[in-house]
Amino acid sequence: MRHHVMLTVVAVVCAVAFASRASAQAAAPPSAGPIVVHAAGISWADGPPSLPRGAQFALLEGNPAEAVPLTLRLKLPPNYRIPPHWHAVLEHVTVLSGTLNVGMGEQPTYSGGTALLPGSYAVMPQKMVHYAWTGSDGVVFQLHSVGPWSISYVNPKDDPRPARP
């Protein structure tokens, strides 16, 4: 059960990372030196189009469209839901504040599952189908992995991105 929750959290983070919007937000360029980002200096943007409206994200390192390390912060509002989906790559998630709930499988219940509290860490394997939701306090979490990132919804009708011809 714990493994399933971790996988879901990672998937949620990947979804944010893959958003085409993430590519537009400036991140620290690759360098041989350290990258330092202070919390007060984080610039939040409206969530990527690959997630339901209401999410916010900040790209701290890398480019989600490239095969490079990347680090994102995601901020999901209270009572937010991400329908069942999967990612093509492994995800690492660390909850910074609030609670991220994760469930496994193609049929969401948005109850039970695994609750990831502040300080919790989860790793989601690639192609693991999961879904996530927040409670009344929302959540802020950090995702890191190696791109390229993508999110694939189990039910195409759940995909918030515009349909492509």
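Okay, here's what the table says:
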read-out	value
Some residue of segment 98-109 being surrounded by fewer than 20 Cβ atoms within 10 Å (Cβ to Cβ), in contact with a strand residue (DSSP E or B) (Cβ under 6 Å, 6 or more places away or on another chain) and within 23 Å of residue 46 (Cβ to Cβ)	yes
Subset of segment 84-97 that is more than 12 Å from the chain's Cα centre (by Cα) and surrounded by fewer than 20 Cβ atoms within 10 Å (Cβ to Cβ) - its residue that is nearest to residue 151 (Cα to Cα)	88
Residues (closer than 18 Å to residue 47 by Cβ and either in contact with a helix residue (DSSP H, G or I) (Cβ under 7 Å, 6 or more places away or on another chain) or of a type outside the set (Ser, Thr, Tyr) (or both)) located in segment 85-97	85, 87, 91, 93, 95, 96
Test: residue in segment 2-22 that is modelled with pLDDT under 85 and assigned to a loop (DSSP other than H, G, I, E, B)	yes
Candidate set from segment 124-142 (those that are of a type in the set (A, V, I, L, M, F, W, C), modelled with pLDDT of 95 or more and under 16 Å from residue 89 (Cα atoms)); member that is surrounded by the fewest Cβ atoms within 10 Å (Cβ to Cβ)	129
Per-region count, segment 68-117, residues among the β-branched types (Val, Ile, Thr) and under 18 Å from residue 53 (Cβ atoms)	1
Subset of segment 63-77 (residues that are within 19 Å of residue 140 (Cβ to Cβ) and not hydroxyl-bearing (Ser, Thr, Tyr))	64, 70, 72, 73, 74, 75, 76, 77
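The values are calculated or read from the model by the stated rules, or taken from the named source; none is laboratory data. No experiment lies behind these values; they were computed from the predicted model shown. Every residue, glycine as well, gets a Cβ built from its backbone with ideal geometry; the counts of neighbours run over all protein chains shown.
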